[in-house]
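Note sheet for the following structure.
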Amino acid sequence: MQITVCDEHETAPARTFTISVDGGEPDEVDLCEQCARPLLDLIAKRRARESDAAAEPAPASSQRSAPARARKKAAAKKATATKSAAGRRAPRVTTMAEIEAKKQAAAEKDEQG
Ligand SMILES: [Zn+2]
């Protein structure tokens, strides 16, 4: 198991940076957190500036403590139109004609009886 140690301090953990100057031959340097900090700061600042310039689709995740503003859209309340009776079983409607017919049928039964 290999452990990367700082080139400067020979301490671990360290991270490997590949640096090239003016597009020259890249050098790999292992830097502990202390040594790497200035570089990381530079990178962070540059990225911040870039994302500022880009503006529009801000990733907004890694930058400082930008409060993630969760915009809640007020849930539009839909006036739930209660289906008046339509959904329910309609009460059976008996017409006068039907009643008369029943009466007559009953009367006939009686007569036949
Ligand atoms: Zn170091």
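The values are calculated or read from the model by the stated rules, or taken from the named source; none is laboratory data. What you are looking at is a predicted structure, and each value in this text was computed from that prediction instead of being measured. Every residue, glycine as well, gets a Cβ built from its backbone with ideal geometry; the counts of neighbours run over all protein chains shown.
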Can you work out which of the residues in segment 1-34 that are charged (D, E, K, R) and within 11 Å of the ligand (Cβ to nearest atom) is surrounded by the fewest Cβ atoms within 10 Å (Cβ to Cβ)? GLU10
Report yes if ALA97 is modelled with pLDDT under 70 and either surrounded by fewer than 10 Cβ atoms within 10 Å (Cβ to Cβ) or within 16 Å of the ligand (Cβ to nearest atom) (or both), otherwise no. no
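Inside segment 20-43, can you point out the residues that are of a type in the set (Gly, Ala, Ser) and closer than 20 Å to ILE3 by Cβ?
ALA36
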